[in-house]
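A.B. asks: Have a look at this one.
Taken together, the values in this text are just the output of simple stated rules run on the coordinates, not laboratory data. Nothing here was measured: the structure is a model prediction, and the numbers come from that model. Positions of Cβ are generated from backbone atoms using ideal geometry, with glycine treated the same way; all protein chains shown enter the neighbour counts.
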Amino acid sequence: MQKSMTRLVLFFSLCFSAVAAYATPGINMPYGVTPVSHEIYHLHMACFYVCCAIGVGTFGVLIYSLIKFRKSKGAEAAHFHEHLGVEILWTVIPTLILVVLAIPATIILKDIHNTEDAAITIKVTGYQWKWKYEYLDQGISFFSNLSTPQDQINNKAPKGEWYLLEVDNPVVVPVNEKVRLLVTSDDVMHAWWVPELGVKQDAIPGFINENWFIATQPGTYRGQCGELCGVNHAFMPIIIKVVSQDEFKTWVSAHQNVADQSQHTQMLALSQANAAILKKQNHHAKKVELRS
Amino acid sequence: MSEGILDYGDHSHDDHHGPEKGFKRWLFTTNHKDIGTLYLTFSLVMFFIAGFMALIVRVELFEPGKVLVNPEFFNQMTTMHGLIMVFGVIMPAMAGLANWLVPMMIGAPDMALPRLNNWSFWLLPFAFSMLFSTLLMSGPAPDFGWTFYAPLSTTYGPKSTDFFIFSIHMMGASSIMAALNIVVTIFNMRAPGMTWMKMPVFVWTWLITAFLLLAVMPVLAGCVTMMLMDRHFHTSFFNAAGGGDPILFQHVFWFFGHPEVYILILPGFGVISEVIPTFARKRLFGYASMVYASAMIGILGFAVWVHHMFTTGAPYGAQLFFMYATMLVAVPTGIKVFNWIATIFRGSISFETPMLFALGFLIMFTLGGFSGLMLALAPSDYQYRDSYFVVAHFHYVLVSGSLFTIIAAIYYWLPKWTGHTYSERLGQWHFWLSVIGMNLTFMPMHFLGLAGMPRRIPDYALQFTDFNQLCTVGAFIFGFSQLIFLYIVITSCFGKGTGKASSQVWEGARGLEWTLPSPVPYHTFETAPTIT
Ligand SMILES: [Cu+2]
């Protein structure tokens, strides 16, 4: 029994060191680059520390009891089996702690729901197994597909740095502007999740869900589909590029030009009134659109 | 009702001889101990099958890229693992414990409805044969996760989904009958003097569980029936294109699903409330508050289901209500944990295997409770939802709250049932390997989830590799250490244990079942005991 006690204590200390490792960067929730992601991070950490404090108290008493009141050390059992005072105490104190946690949670949640006054609105549609993005005011629309080659997935080629977290057409948004997302799906449920934006929103066929973000730092942020959507659920990542206002404007006009051009080619094809050519041109136009 | 029970009592009096010989004993048995054994054996077999599936999943996740199976088969394995663990392992094991223990604990000769009892067990092998048959069909087996969200499982579901639907129906019918039987038994067959507030906590928690089952299993049945209608009879309950609502599916499913997790855990709370006092040699602290807290958990369980759906676009007000209700669950759960610790405090503690598993439960379950509190906060839930953080959370809660408590119960009552003691040394090995394997498997999943790894993916980005390898190693330690358990159970059952068990078995054990000889005779309490 002595031996199993030492093992028990050893195990507890291992547990705690694992919990301590919890808070170091890289394995924790990202702090992110949006006001909401910061708020969520702080709430997450606050709740984590509260749990740590409760854990230290609870496990402390437990470990103390397990060491102190062993039968092998001649401990005699006491006879008490209830105590109204402490029972009320450990009902009331946890309730108060919950109230303290609920207040910031309520405020942050309100913030998450505030999708008003957005500068840009992007409609995000989940498909099996890709995303479609439509910039409603700019008239830009494109699909975003996984760009990791199949050979890497089948271990026939070395895996790149962003294995499974790379796409042909990333979403591009300007820094420090409020972006409103309208999320829906064309087939089954998906979820649009980018941890560093603090956004996860289910894409549901027949419904349009709203969420928003303001990215405060330029950079590339990566996420994935968060809801099981079939065989290739793991293979429809989300890449978002946050760029300066000027770069965004250039990007928009470049894309609008491409859109115009493709319309132009379509009209040419129509005038030729040749169904076969029409099909081919359309195909070509789509390719151009995707490549740019 | 009482007349029927009296009849049965008279009948069993002339029927003193032991069980029948051969397979007929098991096929036609109406004896609560036999049916308990059937349930537990079934659960043990399913446990190794579902565990094997989990290992396939873990092998595939050992490193990025395709390792062993393709994504289609991977999805079938995660789905089957979840379904079997919930419906084929934990629920039958808890029902088996109830069958063995409830009559003995309340001083009843048997369950109130013995033939129904036989039927509710024998539905299960057929239900699971039907579920397993989908693995042999030409199309994929169910591959939409154990939560089978529409429209992935309806419009887009494989053909085998219909077999899945019927097997769920059969499992549901089985659970409803088992629950009904337990309620009727507890209400009508308590020995004279066994008042409500004298009932062992295990009986109380099972009574509450049985009411939960009666309330939500029909909802699950309705849910899968609507799926069937959508798939074959041109209805559109869950099909947006036909004017239906895919979110309705989630409301219906989680209205069943959340009480379901308390169904899986509450009997475990009961087990722990029997085990800890025995090995602390001290009465359970706060018996009454234990009972009220269990009831409170059961009731609150009906008002929290939307916390599984915070990111589906639920309105602000609904999110607030369900967030507050969910947080409130922490209060009665906390009361239970504090009561158990107060029972240990100033006891006279020894560390036999059932106690080790109970303590393992206490710590792991509290950790699972902490991540549960974090998940309850709706804003943070936007980040946690459908990530490995959730996988870590529910495995901490269910492996400890259900699996560890079932194992603790087996070690605790097995000597009473079989009359043979097990090897304490092997039991301790089983515990330590399980607890190390379990933590190695599920602790890193917290970090994976927070770092952004979604659940239910067969392949992942390079940054997740290290932790996933740790998880896989842990899973193999955890899985293979269960073979020790299998060995212990088999040797005890077939009379090759380490020695003969006394009727008391454990020095500190209290309760009616310990007044019976070990092994327990085939018929017990034919004359009701007097409880003072
Ligand atoms: Cu998806």
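A.B. asks: Relative contact order for the stretch A:123-243: what percent, with Cα pairs under 8 Å and sequence separation of 6 or more? Don't jump to the answer; show the numbers that get you there.
C.D. replies: Working: 305 pairs, mean separation 35.3, N = 121.
Contact order relative to length: 29 percent.
A.B. asks: What is the order of A:HIS81, B:HIS32, fewest Cβ neighbours within 10 Å to most? Please report the intermediate quantities before stating the final value.
C.D. replies: Details: A:HIS81 15, B:HIS32 26.
Going from sparsest to densest Cβ surroundings: A:HIS81, B:HIS32.
A.B. asks: Also, quick follow-up: Scan around B:SER518 for amide H atoms under 5 Å from its own, H built in the peptide plane at 1.01 Å from N, and keep only partners 5 or more places away or cross-chain.
C.D. replies: Distant-sequence amide H within range of B:SER518: B:SER503.
A.B. asks: Ranking B:HIS420, B:HIS251, B:HIS430 by Cβ neighbours within 10 Å, fewest first, what do you get?
C.D. replies: On the way: B:HIS420 20, B:HIS251 17, B:HIS430 25.
Lowest count first: B:HIS251, B:HIS420, B:HIS430.
A.B. asks: Taking the highest mean first, how do the peptides B:369-382, A:217-230 order by number of other beta carbon atoms within 10 angstrom per residue? Intermediate values should be presented prior to the final figure.
C.D. replies: Values: B:369-382: 24.6, A:217-230: 21.2.
By packing density, highest mean first, the sequence is B:369-382, A:217-230.
A.B. asks: While we're here: Let me spell out the model: positive unit charges on the Cβ of Lys and Arg, negative unit charges on the Cβ of Asp and Glu, origin at the Cα centre of the protein assembly as shown. What dipole size does that give, in debye rounded to 20? The partial results should precede the final answer.
C.D. replies: Details: 47 positive and 50 negative charges, 350 e Å.
So the magnitude is around 1680 debye.
A.B. asks: Right, something else. To check you understand DSSP bridge types, tell me what percent of the beta bridges within the protein assembly as shown (both residues inside) are antiparallel, rounded to 5.
C.D. replies: Working: 33 of 46 bridges.
Of the beta bridges lying entirely in the protein assembly as shown, close to 70 percent run antiparallel.
A.B. asks: I want the local charge near B:VAL252. Using Cβ-Cβ distances under 15 Å, sum +1 for each Lys or Arg and -1 for each Asp or Glu among the other residues.
C.D. replies: Charge balance near B:VAL252 sits at -3.
A.B. asks: On to the next question. Give me B:ARG281, B:ARG425, B:ARG25, B:ARG510 sorted ascending by neighbouring Cβ count inside 10 Å, so fewest comes first. Walk me through the numbers before you get to the answer.
C.D. replies: Numbers: B:ARG281 21, B:ARG425 10, B:ARG25 13, B:ARG510 16.
Fewest-to-most Cβ neighbours within 10 Å comes out as B:ARG425, B:ARG25, B:ARG510, B:ARG281.
A.B. asks: Report the net charge of residues surrounding B:MET137, where surrounding means a beta-carbon distance below 11 angstrom and charges are Lys +1, Arg +1, Asp -1, Glu -1.
C.D. replies: Numbers: positive: B:LYS159; negative: B:ASP162.
So the surrounding residues net to 0.
A.B. asks: Excluding residues fewer than 8 places away in the same chain, name every one of the aspartates and glutamates whose C-alpha is closer than 15 Å to that of B:LYS496.
C.D. replies: By straight Cα distance, B:LYS496 reaches B:GLU424.
A.B. asks: Now for a separate question. Across peptide B:464-477, how many C-beta atoms of other chains are within 10 Å of each residue C-beta, on average? Walk me through the numbers on the way to the answer.
C.D. replies: Numbers: counts 1, 2, 1, 1, 0, 0, 0, 0, 0, 0, 0, 0, 0, 0.
What the average comes to for B:464-477 is 0.
A.B. asks: Related question: Relative contact order for the stretch B:104-254: what is it in percent, counting Cα pairs under 8 Å that are at least 6 residues apart?
C.D. replies: Numbers: 175 pairs, mean separation 42.8, N = 151.
With pairs under 8 Å counted, the relative contact order is 28 percent.
A.B. asks: Could you point to the residue in A:TRP212, B:GLN463, B:ALA408 farthest towards the positive end of the protein assembly as shown's charge dipole, with +1 and -1 charges on the Cβ of Lys/Arg and Asp/Glu respectively?
C.D. replies: B:ALA408
A.B. asks: Could you give me D for chain B, from Stokes-Einstein at 4 °C and 1.567 mPa s, where the hydrodynamic radius is the Kirkwood radius over C-alpha pairs? Units µm² s⁻¹, please.
C.D. replies: Values: Rh = 23.8 Å.
The calculation lands on 54 µm²/s.
A.B. asks: Structure shown: which of B:LYS336/B:LYS500; A:LYS130/A:LYS156; A:LYS130/A:LYS241; A:LYS123/B:LYS159; A:LYS110/A:LYS130; A:LYS132/A:LYS159 lie over 28 Å apart, alpha-carbon to alpha-carbon?
C.D. replies: Details: B:LYS336/B:LYS500 35 Å; A:LYS130/A:LYS156 23 Å; A:LYS130/A:LYS241 17 Å; A:LYS123/B:LYS159 33 Å; A:LYS110/A:LYS130 30 Å; A:LYS132/A:LYS159 26 Å.
Exceeds cut-off: B:LYS336/B:LYS500; A:LYS123/B:LYS159; A:LYS110/A:LYS130.
A.B. asks: Taking the Cα centre of chain B as origin, sum charge times position over the Cβ atoms of Lys and Arg (+1) and Asp and Glu (-1), and report the length of that vector in debye to the nearest 20. Before the final figure, lay out each step's value.
C.D. replies: Details: 24 positive and 26 negative charges, 178 e Å.
That gives a dipole near 860 debye.
A.B. asks: Work out from phi, with θ = phi - 60° and the Karplus expression 6.51 cos²θ - 1.76 cosθ + 1.60, the ³J(HN,Hα) of each residue of the stretch B:141-150, listed in order in whole Hz, and give x for Gly and Pro.
C.D. replies: Using θ = phi - 60°, the values come out as 6, x, 9, 10, x, 5, 8, 5, 4, 7 Hz.
A.B. asks: Would you mind counting up the charge near B:LEU512? Only other residues with Cβ under 13 Å from its Cβ, with Lys and Arg at +1 and Asp and Glu at -1.
C.D. replies: Numbers: positive: B:ARG190, B:LYS198, B:LYS416, B:ARG510; negative: B:GLU274, B:GLU513.
So the environment of B:LEU512 carries a net charge of +2.
A.B. asks: Which far-off residues, 5 or more places away or on another chain, put their amide H under 5 Å from the one on A:ILE140, with H placed in the peptide plane?
C.D. replies: Close amide H contacts, sequence-distant or interchain: A:TYR135.
A.B. asks: Right, next: Would you please give the residues with an amide H less than 5 Å from that of A:ARG70, counting only those at least 5 places away or on a separate chain, with H modeled from the backbone geometry?
C.D. replies: So A:ARG70 has HN proximity to A:ALA75, B:ILE349.
A.B. asks: For peptide A:59-69, compute the average count of partner chain beta-carbon atoms within 10 Å of each residue's beta-carbon. Could you put the intermediate results ahead of the total?
C.D. replies: Details: counts 5, 0, 5, 9, 1, 3, 9, 9, 1, 3, 9.
Counting Cβ atoms of other protein chains within 10 Å of each residue's Cβ and averaging gives 5.
A.B. asks: Taking 2.2 N^0.38 Å as the expected size of a compact globular protein, what ratio does the Cα radius of gyration of the protein assembly as shown give against it, to two decimals? Show your work: numbers first, answer last.
C.D. replies: Values: Rg = 28.6 Å, N = 824, 2.2 N^0.38 = 28.2 Å.
Rounded to two decimals, the normalised Rg is 1.01.
A.B. asks: Same structure again: Under 8 Å for C-alpha pairs, at least 6 residues apart: give me the relative contact order for the stretch B:2-531, rounded to a whole percent.
C.D. replies: 18
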